[in-house]
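Quick note: the coordinates plus some simple rules give every number you see, no bench work behind them. Model, not experiment: these values are computed from the prediction. Note: ideal-geometry Cβ built from the backbone for every residue, glycine included; neighbour counts use all protein chains shown.
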Amino acid sequence: MNRREKALTTARRGTIITGLALIGLAGVYVRALMFTPIERFQGPAQKILYVHAPVATVALLAFGITGVLSLLYLIFKDPRLDHLSASSAEIGVALSVVLLTTGPIWAKPIWGTWWDWDARLTSTLFLFLLFVGYLVLRGALTDFGMRARFSAVLGVLALGLVPFIHMTVYWFRTLHPSPVLLKPEAPSMPGVMLVTLLSAIGVVAVLYVGFLMQRYAVTVLEDIREEEAAGGLS
Amino acid sequence: MDYPDNGAYMVAAYIIAAVILIGYAALLVYRIRKLR
């Protein structure tokens, strides 16, 4: 099997996983909207949690994976690591768009404002803009070695922001609530809500895997096209 | 039980999330087809 066939197989498998995850997401929507109780003080707006928190978790995971793969690329110089880290970064940006739109929609009825320049929100916006810059940088550089090396350095530097963003709610005064799950104590949420939240995180994680396989295939197919174009010119 | 009347925000957030995620999935399928 040649590179193109391998990439197309990965793309096909990724598309199937993405499709299944989107069906799962529809199931999570039904469970969250119809079978999960409404929280007494926040009302229906609290159910935005089942979209916002899973997307936030997986977006930070995607950026974390980008950082780790970037570090591995700088050590091993394997182009597949560069392709995977770039793919993970783009998915992180896409998920961050969901994160940064659902967050303010939830904040408005609960905090009385769409946005607050506090540590959690500002650092999340900064991470998003950093990775938009990462993607712009990759688009601007045509030489493969330079593009991979420069973006890997940026990916590693951004890695430090991921744990920082998680800890901002403990280190700074912020409107944003503390984590429900990722903390030393037991989850602070009734069982039925917790099951919905965990299902949503699982589905978004599977969606990330499907997206990653599809996006990786796109990068490999673009590479093949570039090589063919270069071969045609020489 | 009386809840705050903010269901419209919930609906908006769910619709926007679905549109972005399905839109990105469609974009990836389009890019793969274009490169095939």
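Worth a mention:
- Placing one equal scatterer on every Cα of region A:11-83 and applying the Debye formula, the log10 ratio I(q)/I(0) at q = 0.11, 0.22, 0.28 Å⁻¹ is -0.48, -1.02, -1.15.
- Its Cα gyration tensor gives the protein assembly as shown an equivalent ellipsoid. The semi-axes, each the square root of 5 times an eigenvalue, are 36, 21, 15 Å from largest down.
- Averaged over peptide A:103-109, the number of partner chain Cβ atoms lying within 10 Å of each residue's Cβ comes to 4.
- Taken along its principal axes, the alpha carbon cloud of region A:1-125 reaches lengths of 57, 34, 15 Å, longest axis first.
- Relative packing of A:30-43, A:176-189, A:122-135, which averages over residues the other C-beta atoms within 10 Å, highest first: A:122-135, A:30-43, A:176-189
- Which of A:Lys77, A:Lys108, A:Lys47 has the fewest Cβ neighbours within 10 Å, and the rest in rising order: A:Lys77, A:Lys108, A:Lys47
- Placing pseudo-labels 7 Å out from each Cα toward the beta carbon at A:Leu135 and A:Lys183 gives an inter-label distance of 3.2 nm.
- Along its principal axes, region A:78-232 has C-alpha extents of 61, 32, 29 angstrom, given from the largest down.
- For region A:116-160, alpha-carbon Rg and Dmax in angstrom: 12.5, 40
- The calculated FRET efficiency for the pair A:Glu226 and A:Trp171, based on their C-beta separation and a Förster distance of 35 Å, comes to about 0.20.
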